[in-house]
Amino acid sequence: MVFTIVDNLVARHREALKTLGEDFIRGYIGIAEGEKDPRNLLLAFAIDRVLLIEFEVQKFIEDLFNITFCYFPITFRPPPNDPYGITTDELKNALRACLHATPAFGPLAIPLFLEKLTAGSPVTKKDTLETLDICLPVYGPAVTREHARKMWNCLKLEIFQPTDSDTQEKALKTTQVLIQTIYSASEAERSDSAEIEGLAKDACEECIQILREPEKSQAQHAIKVLCAFMSTTPSVARFTLARAVPHLVKLFLDPDELPNRPPTLRLLADLIEAARESTAQDPEVLPDEGSVPLSPYKDEVLGVLTVGLKAPASALPAIDGLKSMTDISCSDASLDLLSTVSSFAPSHVSGNTLPLLFTSLPDRAPPREAEAERIRYWRTLAYLKKLCTQPDLFETLVVRLSTKLDLLCVPAVSPQGEEQQSSVTDPEPAAAYAHSILKTLADVLQTKIDLKHPDVVKYIDRLVPRLYNLFIYTALLAEERPMVATDPRLLAVAAQIITLITQTLSAARQEAFVKALFAAYLEGNVFQLAEGIQKIPTEKKFAPLQSGAPTPQKNMVVLFAAAVIALHREVSLPHSDETALLNSLLQWTVNDAENPLQREAIVHTISAILNRHAENLETFLSEDVTQFWSAQISDPSIAVEARKNAIATFTWLTKALLVRGHPAAMANVDRLFELFDDDNVNWDAARAIGRIPGSDKVLTKRNHAVIKILYAQKYCNAVLPRIIEGAKSSQSTRQNAFLVALAALIKSVPKSTYAPQMSSLMPLLLRGLDLPDNEIRASVIDTLQAAAASSGKDKDNALLAEHASSLVATMLKNSMVAHMPSVRVRIAALRFLATLPNVVRYDVLHPQKATVIRELAKVLDDPKRAVRKEAVEARTNWFKFTG
C-alpha cells in the first residue's frame, strides 16, 4: 500500500515532491531498503528510475545504488498458481531499467558486474551479460574505458573457453557493445587512415596470433571475435580487416601451410560474411565501392577463393566466401551463387547461363524408356525455377517455356508425319513434359507472389491469353485428332497459373478480363481472350457450356472456373441476370457434366460467385436451391450416384454461405440432417456436414473470398452437440450416420474446437473404429493420436487410460493385414500403439503388454515395408515399457 501511494504521488505530483528536496529522497530510501515483496519491488524499481532520471539525487547515488543493485541478479521464481502473476522477466526488466537510468551508477556497477561474471553461475553470467549490453552505452566511454581491460579478460574467458554456445554468443554481443561504447564517441573525428589504439588493437592482435594456427579450435573462437568487431564502428571494422585479411591471404599462399588451406578459407569466408552483414543496405541499390570495407582487398581475396575452388577439400569454403562476396545465403552453393548474381545483375545470368539451360531442354518429349533424358529435363527445369524469379529473367522464362509448350502440344507435322505420329501413338511422354513445364511456371509465379513482385500482373496480357489460345485450339481440334493439351492434368496446372495471376489483379483490371472470359465461354467470341501463336479455326464454335458440347470442350470449364474463383467481391459479372446464370450452371452440373473434373469446376464457380454476391442472390437461394434440393437430393427415386453428386454440389453451396456468415448455411445443414434416415445417401450427407467447415483452395483470402473470422468454431459449436446427442440416442442406422459426421467434422476443424468435448467424444470415436470405412477409421485414429500427443511427456492421460484396454484391442485389430486392407489405417494404428506407453502409466497398460508384443510380432511379416517399420518401432516401445 505504501509503495502504491508513493507511486501515485510520483506520477501525479512530481513537481511538488521535488520541492521537498533531500528530505523526500532520504525518506524514500528508508522505506525501500530491505523490501522483498515482488509486488512492491516492481513499484519500487519504477519509482527508483524516475528519481534517478528526474530528481536531484547526486548526494544519494550510492544509497540508491545499494537499494537497487542488492537485488541483482533477480532469482525470484513465482510460486505455482501465483495469484499476482508477477514473472521473473518483469522483475529483471524493471531492475535493468534502474541500473541503466543514470551514468553515475557506472563506477559503482561495473566492478560488481565483473564479480558476477567471474564467479556467477551460467544463469547469472547470461543475466550479467545482457544487463551490461544496455548499461555500458549509458555509463559512457570514460568509465567503460577505465574497466575495459578487465572486462575483456572476463569476456575472453567466456568466448575462448565457453561452457555453452548461448553464453558465448552473449559474450560476443557484449564485446561488440564494449568496443562500440569505447570508440563511437571519437568516430566522427577519426580519419580513415588514423591508427586504432587501445583495447580494439590489442584484442585484434591477440586474435591474429591465434589465427596463425587455423586448424586449431581456438582459431574458430578468434574469428568470431573479429567477426563481432565488424559490426562495431567503421574504423574498428577497417582496422580489423586490414590486420586479418592480409594475414589469412598470406597464410593461404604459404607453401608450408598447404594442408591448412581449407580451414584458412573457412576463417576467411566467415570474415567476409561478417563484413557483408555489417554493410547491409537496400538490395536494390548497389553501394559505392569506397563504402565497402573489403574493396581494398577484393583482388587478393578473389584470387585465393578462385584457387580454393580447384581443390575438393577447400572448394566448399571457397564457394561460401564467393557467396558472401555476392550477397548469397542459400543451400545449393553454385546455383545459389547464380541466383544471387541474378538479383543484382540479371543480364549476366540471362546472357551466359540461361541460354545453356534452355538449349538443354528438348523440343520433343523423350520416349517412355529414356529415363535419363527425362531426369535431365526435370533437373534443368528445377534450375530455371530457382534462377528465374527476377522480373527480367521471368519474362525470358515465360517466352521460352511458352514456345516450348506450343511445340509439344501442337507439334509441326513433317512431310512423313513423324512428329505427329509419335504424339498419337503415345501421348503420355509429351503430356508429362508439358506438365513439368507448366508446373515450373506455376511454382515460379507462386514464389514471385509470395515475394510480392509487382510484375506478376502484366502476365494477364503476356501469358494467360497464350494459355487460353493453346487449350481452346486443342479442344476444338481434338474432334479431328488426339491432342496432348486435352489431358486433364495439364488443364489443372494451367488453371493454377490463371488463378495465381488473376489473384494479383485490381478489381478494375479483373472486370475487363472477365468480360473477355464471359464473351468466350457464353458467346463463343474467343479472339479477345485467346491471343497466341495458334490460329483458332473460325468455322468451329467454342461452346463448352452448351448441351451436347464435345468432352474436350466441356473440360475447358476448368479454365473458366480458374479465373472466376479469384475475382474480387467488387467485380460485376458481365451477365444481365446472375440468378439465372447460377441456376443454369447448377442445372449444367446435373444434366451436362460428364465427369468429376467438369462438375467440380462449375461447382467451384457457383460457390465463388455465391460467396461474393449472396446479398443479390436471395431468389437463387430461396427458390432455385430449394428446387435443386427437392428434385435432385431428397427425391428417393433419383439414381443414388446422381444424388451423391448433388449432395457434393450442395455442400459447396453451403460452404460458400458459411464462410461469409450467411444464415442460410445452417438451414442447409438442417436439410442434410434430414437425410440420416435414408440408407442410400445418409453417409454422404453425414460426410458433407463434417466437411462443410473444412479449409479448401477455392474460398480463401488470397482468392478474395468473403470470410468471417472463427466461422469454423461457430459451426462446430452449433453442430457438434447435435451430433453427439444423435450418436448416443438414435437407432442404429442414424447412429452410424452421426458417427460418420463426427469423424468428418473433427478432421475438418481445428483441434481446439472439440478438445473440451473429448471426454464425451471418446466412446463415440471408439465406436467409429468399427465402421466399415477405412477413411473414417484413419481419421478417428489421427484424432486419438492428436489427443495423445497433446499430453507431451505426461504419463497420466486419464482420458486414454480410462479406455486403454479397448484402445489396445482395437488398434491391434486395425494393424493386422488380415483384418485391415488399408495401409494407411494399419500405419496409423501402429503409430498410436507406439505412442500409448509414453502417455499412459505402466500400471494401467501392464496387463496388455504381453498381448501387444505377441500380436505385433505377426505384423512384422506385413507385405508393406512402411507397415513393418512402424511395427518394429511400436514393439520396441512396448518392450522398453517398464514400471
Identity of the residue in segment 1-48, in contact with an Asp or Glu (Cβ under 8 Å, 6 or more places away or on another chain), among the aliphatic types (A, V, I, L, M) and touching a residue at least 40 places away in the same chain (Cβ under 8 Å), that ends up surrounded by the fewest Cβ atoms within 10 Å (Cβ to Cβ): Ala46
Per-region count, segment 619-670, residues more than 40 Å from the chain's Cα centre (by Cα) and within 23 Å of Ala705 (Cα to Cα): 3
Among the residues listed as Asn774, Asn717, Asn703, the single one being more than 30 Å from Ala608 (Cα to Cα) and of a type outside the set (A, V, I, L, M): Asn774
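So in segment 579-589, with the set limited to residues that are of a type outside the set (Ser, Thr, Tyr) and either in the same structural domain as Leu490 (by TED's automatic domain parsing) or closer than 21 Å to Pro552 by Cβ (or both), which one is farthest from the chain's Cα centre (by Cα)?
Trp588
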Residue tally, condition farther than 18 Å from Phe881 by Cβ and either among the β-branched types (Val, Ile, Thr) or touching a Leu at 6+ places or on another chain (Cβ under 6 Å) (or both), over segment 811-852: 4
Any helices (runs of 4 or more DSSP H) falling wholly within segment 789-883 and containing at least 2 residues that are of a type in the set (S, T, N, Q): 804-814, 823-839, 842-859, 865-880
Selection status of Val823, over 28 Å from Lys714 (Cβ atoms), in contact with a Pro (Cβ under 7 Å, 6 or more places away or on another chain) and surrounded by fewer than 21 Cβ atoms within 10 Å (Cβ to Cβ): no
Helices (runs of 4 or more DSSP H) within segment 548-595 that include 1 or more residues farther than 26 Å from Ser506 by Cβ: 551-555, 578-591
Helices (runs of 4 or more DSSP H) contained entirely in segment 281-381, each with at least 2 residues that are at pLDDT 75 or above and of a type outside the set (Asp, Glu): 298-309, 312-325, 354-360
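Here's the yes/no breakdown for (1) under 41 Å from the mean Cα position of the chain (by Cα); (2) more than 14 Å from Leu43 (Cα to Cα):
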{"residue": "Thr75", "(1), (2)": "yes, yes"}
{"residue": "Pro78", "(1), (2)": "yes, yes"}
{"residue": "Asn81", "(1), (2)": "yes, yes"}
{"residue": "Gly85", "(1), (2)": "yes, yes"}
{"residue": "Asp89", "(1), (2)": "yes, yes"}
{"residue": "Cys98", "(1), (2)": "yes, no"}
{"residue": "Pro103", "(1), (2)": "no, yes"}
{"residue": "Ile110", "(1), (2)": "no, yes"}
Failed item in (1) surrounded by fewer than 17 Cβ atoms within 10 Å (Cβ to Cβ); (2) closer than 17 Å to Ile134 by Cα, with Gly85 passing the rest: (2)
Search result, residues across segment 150-170 that are among the polar types (S, T, N, Q) and surrounded by 17 or more Cβ atoms within 10 Å (Cβ to Cβ): Thr167, Gln168
Single residue of segment 220-277 satisfying the filter (polar (S, T, N, Q) and part of a helix (DSSP H, G or I)) that is farthest from Ala318 (Cα to Cα): Ser235
Tabulated pairs, segment 195-209, first of a type in the set (Lys, Arg), second crowded, with 17+ Cβ neighbours inside 10 Å, C-beta under 8 angstrom, 6+ apart or interchain: Lys201/Phe239
First in segment 99-121 and in a loop (DSSP other than H, G, I, E, B), second anywhere and of a type in the set (D, E, K, R), Cβ under 7 Å, 6 or more apart: Ala101/Arg49
Among the residues listed as Tyr377, Tyr383, the single one being in contact with a Ser or Thr (Cβ under 8 Å, 6 or more places away or on another chain) and in the same structural domain as Leu438 (by TED's automatic domain parsing): Tyr377
Odd one out for Tyr71 among (1) in a helix (DSSP H, G or I); (2) surrounded by 17 or more Cβ atoms within 10 Å (Cβ to Cβ); (3) not acidic (Asp, Glu): (1)
Arg466, sole failed condition from (1) at pLDDT 95 or above; (2) part of a loop (DSSP other than H, G, I, E, B): (2)
Leu445 being in the same structural domain as Phe513 (by TED's automatic domain parsing), modelled with pLDDT of 95 or more and more than 26 Å from the chain's Cα centre (by Cα): no
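Per-residue answers, yes or no, for (1) under 18 Å from Leu739 (Cα atoms); (2) buried (at least 17 other Cβ atoms within 10 Å of the Cβ); (3) in contact with a strand residue (DSSP E or B) (Cβ under 8 Å, 6 or more places away or on another chain):
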| position | (1), (2), (3) |
| --- | --- |
| Thr626 | no, no, no |
| Pro636 | no, no, no |
| Val640 | no, no, no |
| Arg660 | no, yes, no |
| Val681 | yes, yes, no |
Residue count for segment 618-651, restricted to those that are of a type in the set (Ser, Thr, Tyr) and in contact (Cβ under 8 Å) with a residue 24 or more places away in the chain: 4
Residue that is surrounded by the fewest Cβ atoms within 10 Å (Cβ to Cβ) [pool: residues in segment 126-138 that are in contact with a helix residue (DSSP H, G or I) (Cβ under 6 Å, 6 or more places away or on another chain) and touching a residue at least 40 places away in the same chain (Cβ under 8 Å)]: Pro137
Segment 852-883 - residue that is among the β-branched types (Val, Ile, Thr) and within 22 Å of Ala798 (Cα to Cα) and, of those, modelled with the lowest pLDDT: Thr882
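The values are calculated or read from the model by the stated rules, or taken from the named source; none is laboratory data. Bear in mind that the values here come from a model prediction, so they are computed numbers and not experimental data. A quick note on method: Cβ atoms are made from the backbone with ideal geometry, for glycine too, and the neighbour counts reach across all protein chains shown.
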